[in-house]
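K.L.:
Below: one structure in structure tokens.
The values are calculated or read from the model by the stated rules, or taken from the named source; none is laboratory data. Not measured: the values here are computed from a predicted model. Here the Cβ positions follow ideal geometry from the backbone for every residue, glycine too, while neighbour counts run over all protein chains shown.
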Amino acid sequence: MAEKVTPRSEDYSRWYTDIILQAKLADYSPVKGAMVIRPNGYAIWELIQSNLDKMFKETGHVNAYFPLLIPESFMNKEAEHVEGFSPECAVVTIGGGQELEEKLYIRPTSETIIWSMYKKWIMSYRDLPLLINQWANVIRWELRTRLFLRTSEFLWQEGHTAHATFEEAEEETVKILKVYQRFAEDFLAIPVIPGKKSDSEKFAGALHTYSIEAMMQDRKALQAGTSHNLGQNFAKAFDVQFQDQNGKLQYVWATSWGVSTRLIGALIMAHSDDRGLVLPPKMAHRPVVIIPIWRGDEKKAVMDFADGVFQELKAHYPVIFDDREQYKPGYKFSEWELQGIPIRLEIGPRDVAKNSLVLVRRDTMQKQFVERKGILYTVTETLDRMQEEMLQKAKEFREANSFRIDDYAAFKKQIEGEGGFVYSHWCGDAQCEARIKEDTKATIRNIPFDQEKEEGQCIVCGKKSTGRVIFAKAY
RNA sequence: CGGGGCGUAGCGCAGUCCGGUUAGCGCACCUGCCUUGGGAGCAGGGGGUCGGAGGUUCAAAUCCUCUCGCCCCGACCA
């Protein structure tokens, strides 16, 4: 492993790519814009899946699977939806050697195929709510791609729910956003800001969209999850009506929501350093590595000691016992640091003699001598603390790079300079929003839920505003 | 789609301007010895017809024509 990771200060974007390639999370594929997710990366996705899935189930959702291919006519049924997605769709025109009578779209998202089915399944208010999620791949023909952050094919989950009333749908939309927030913070150790998207940034075909927004180490924003209240748009497009308690026919209210493999990109950019990947313990499928160190005839004593530790921990954690003899310790240290293993235990003759061992935390690189006795407790406790402190650290970073600005000149200076999240007043006019984007490339990330009402003046036009929104450059 | 860069061994590159032995280097890989508290060392070894097609020439990685592909930056987007 001769290659080194490019330092963040030198080239942030290279650093990001280096980490992914060198930690073996993913690799470029023969197909442009598509990547191969390697075992180290897929393990992270599996942890995202299993934990989120549990949260979905706990909130009453079930999984199903809908087809990859969507008839062209379905895509055309919802006006805004077509307009939003058509340009970035891949389309199948030939099947079995024959030109198809109706073209088939490879799903960029599944609203249309799902709502075509919901029409068959929903008759009565008794059929509602319908709370279905699917884990799937989708394709969007992106012009410019980046590993994990934007690839033409990506993995995600998409929830699609049907409700009897607007209020219920709205409640669902918000409930899921909170699930996303809890997941991001408790598992990914990434603090996020929940809020509402401006109209120009909302999902094609939605009434409105909520998002959680995270700050990366380069102070840019990353949308980490979205939840849409689709109103009755898709129900009307696919004619999905139900009979209510009074025997009256009504259109169904819908939501959809999703997070994708992009979260892995977020995880990398939020925590990692110039040595490589840093994973919060809950996202590490192998949280501990044991490295025995010996010379000559010390081997047996060290290996016996190390094996004892291994056996004790193995019962509770997937532990790597790196007893390869062709590599020296320094090499192993670097390799596992690069891959983000949270805890390294070094065991050498000196440790055997003292009945202790060396524990190194990946996030802080802090090295400490710990007693052999109670090692399981020590490891567990350290992992818990790391999870906690990584979230805390990320939160502090975000706070240190968040600003309240009321003057447009200062606003531009901040965005074009250091960047970060800028909380400013906005009148609600799309023109002012567009102007800012044109001037600075910053967009409204969202209108945060949690903030006190505050009278102010739009930073562009000076008209009245009732609250601040977050502006930032985004991925 | 605009701008830039690049295709030579698994990876990273030199060689290309100015054609000329058997296409070279580093890393990785294999064998052996030796090593283990921060990416060891020595010796030996395997592997490429130079993105593709056509052309010029006694002779092409190198010159000419066409073509395919990838990466980075920008517009667009999870």
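K.L.:
Do you know which residues across the stretch A:334-362 are under 23 Å from the mean Cα position of the chain (by Cα) and near RNA strand B (Cβ under 7 Å from one of its atoms)?
P.N.:
Hits for the stretch A:334-362 are A:E337, A:L338.
K.L.:
Given the criterion surrounded by 22 or more Cβ atoms within 10 Å (Cβ to Cβ), over 30 Å from A:V278 (Cα atoms) and under 25 Å from the mean Cα position of the chain (by Cα), identify the matching residue among A:G265, A:G225, A:G205, A:G258.
P.N.:
A:G205
K.L.:
Right, another one. Within 33 Å of the chain's Cα centre (by Cα) and part of a loop (DSSP other than H, G, I, E, B): which single residue out of A:Y327, A:Y317, A:Y331 fits that description?
P.N.:
On inspection, the qualifying residue turns out to be A:Y317.
K.L.:
Now for a separate question. Check whether at least one residue in the stretch A:142-152 is under 18 Å from A:L177 (Cα atoms), within 14 Å of RNA strand B (Cβ to nearest atom) and either touching an Asp or Glu at 6+ places or on another chain (Cβ under 9 Å) or touching a residue at least 40 places away in the same chain (Cβ under 8 Å) (or both), and report yes or no.
P.N.:
no
K.L.:
Any chance you could count how many residues in the stretch A:457-469 are closer than 17 Å to A:G195 by Cβ, surrounded by fewer than 18 Cβ atoms within 10 Å (Cβ to Cβ) and not polar (S, T, N, Q)?
P.N.:
Residues flagged as closer than 17 Å to A:G195 by Cβ, surrounded by fewer than 18 Cβ atoms within 10 Å (Cβ to Cβ) and not polar (S, T, N, Q) within the stretch A:457-469 amount to 1.
Here is a yes/no grid of residues against (1) within 14 Å of RNA strand B (Cβ to nearest atom); (2) touching a residue at least 24 places away in the same chain (Cβ under 8 Å); (3) under 30 Å from A:M386 (Cβ atoms):
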| residue | (1), (2), (3) |
| --- | --- |
| A:T161 | no, yes, no |
| A:F166 | no, yes, no |
| A:K178 | no, no, yes |
| A:F187 | no, yes, yes |
| A:S198 | yes, yes, no |
| A:F203 | yes, yes, no |
| A:F234 | no, yes, no |
| A:Q245 | no, yes, no |
| A:S256 | yes, yes, no |
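K.L.:
Quick one: is A:A270 within 15 Å of the chain's Cα centre (by Cα), buried (at least 24 other Cβ atoms within 10 Å of the Cβ) and of a type in the set (A, V, I, L, M, F, W, C)?
P.N.:
Answer is yes for this residue.
K.L.:
Any residue at all in the stretch A:405-419 that's among the acidic types (D, E), surrounded by fewer than 18 Cβ atoms within 10 Å (Cβ to Cβ) and assigned by TED's automatic domain parsing to the domain that holds A:Q339?
P.N.:
Among the residues of the stretch A:405-419, not one is among the acidic types (D, E), surrounded by fewer than 18 Cβ atoms within 10 Å (Cβ to Cβ) and assigned by TED's automatic domain parsing to the domain that holds A:Q339, which makes the answer no.
K.L.:
Does A:R150 satisfy the criteria of being under 30 Å from A:E438 (Cα atoms), among the charged types (D, E, K, R) and over 17 Å from the mean Cα position of the chain (by Cα)?
P.N.:
No; evaluated as a whole, the condition is false for this residue.
K.L.:
While we're looking at this one, here's another question. Checking A:A315 against (1) more than 26 Å from A:G276 (Cβ to Cβ); (2) touching an Asp or Glu at 6+ places or on another chain (Cβ under 7 Å), which test does it fail?
P.N.:
With (1) more than 26 Å from A:G276 (Cβ to Cβ); (2) touching an Asp or Glu at 6+ places or on another chain (Cβ under 7 Å) applied to A:A315, the lone miss is (2).
K.L.:
Here is a follow-up. Going by what's in this entry, would A:I436 be described as at pLDDT 95 or above, surrounded by 16 or more Cβ atoms within 10 Å (Cβ to Cβ), among the hydrophobic types (A, V, I, L, M, F, W, C) and within 16 Å of RNA strand B (Cβ to nearest atom)?
P.N.:
Considered against the rule, which asks whether it is at pLDDT 95 or above, surrounded by 16 or more Cβ atoms within 10 Å (Cβ to Cβ), among the hydrophobic types (A, V, I, L, M, F, W, C) and within 16 Å of RNA strand B (Cβ to nearest atom), A:I436 comes out as no.
K.L.:
Then there is this: Tally time: how many residues in the stretch A:396-433 are more than 19 Å from A:A214 (Cβ to Cβ), within 16 Å of RNA strand B (Cβ to nearest atom) and touching a residue at least 40 places away in the same chain (Cβ under 8 Å)?
P.N.:
Number satisfying all stated conditions: 2.
K.L.:
May I ask you to list the residues in the stretch A:208-222 that are surrounded by 20 or more Cβ atoms within 10 Å (Cβ to Cβ) and farther than 21 Å from A:T440 by Cβ?
P.N.:
A:T209, A:Y210, A:I212
K.L.:
Filtering the stretch A:273-298 down to residues that are surrounded by fewer than 22 Cβ atoms within 10 Å (Cβ to Cβ) and under 20 Å from A:P39 (Cβ atoms), which residue is nearest to RNA strand B (Cβ to nearest atom)?
P.N.:
For the stretch A:273-298, the residue satisfying everything is A:R286.
K.L.:
Moving on. Among strands (runs of 3 or more DSSP E) lying entirely in the stretch A:1-106, which contain 3 or more residues that are loosely packed, with under 14 Cβ neighbours inside 10 Å and not small (G, A, S)?
P.N.:
A:98-106
K.L.:
Which condition from (1) farther than 26 Å from A:Y42 by Cβ; (2) aliphatic (A, V, I, L, M); (3) within 13 Å of RNA strand B (Cβ to nearest atom) is the one that A:V174 breaks?
P.N.:
(3)
K.L.:
Quick check on this structure: which one of A:L263, A:L279 is modelled with pLDDT of 95 or more and in a helix (DSSP H, G or I)?
P.N.:
Being modelled with pLDDT of 95 or more and in a helix (DSSP H, G or I) holds for just one of A:L263, A:L279, which is A:L263.
K.L.:
Residues of the stretch A:80-102 being in contact with a strand residue (DSSP E or B) (Cβ under 6 Å, 6 or more places away or on another chain) and closer than 30 Å to A:H208 by Cα, which ones?
P.N.:
A:C89, A:A90, A:V91
K.L.:
Tell me, which residue of the stretch A:440-456 that is modelled with pLDDT of 90 or more and of a type in the set (S, T, N, Q) is farthest from A:P194 (Cα to Cα)?
P.N.:
A:T443
K.L.:
Restricting the search to the stretch A:137-149, which residues are at pLDDT 90 or above and surrounded by fewer than 18 Cβ atoms within 10 Å (Cβ to Cβ)?
P.N.:
A:N137
K.L.:
Next question, about the same structure. So, in the stretch A:28-59, how many residues would count as being at pLDDT 85 or above and farther than 27 Å from A:D186 by Cα?
P.N.:
So the count comes out to 2.
K.L.:
Another question, then. Name the single residue, out of those in the stretch A:325-353 being of a type in the set (K, R) and surrounded by fewer than 21 Cβ atoms within 10 Å (Cβ to Cβ), that is nearest to A:T364 (Cα to Cα).
P.N.:
Checked the stretch A:325-353; the qualifying residue nearest to A:T364 (Cα to Cα) is A:K332.
K.L.:
Restricting to the stretch A:80-96, what's the tally of residues that are within 16 Å of RNA strand B (Cβ to nearest atom) and out of contact with any helix residue (DSSP H, G or I) (no Cβ under 8 Å at 6 or more places or on another chain)?
P.N.:
5
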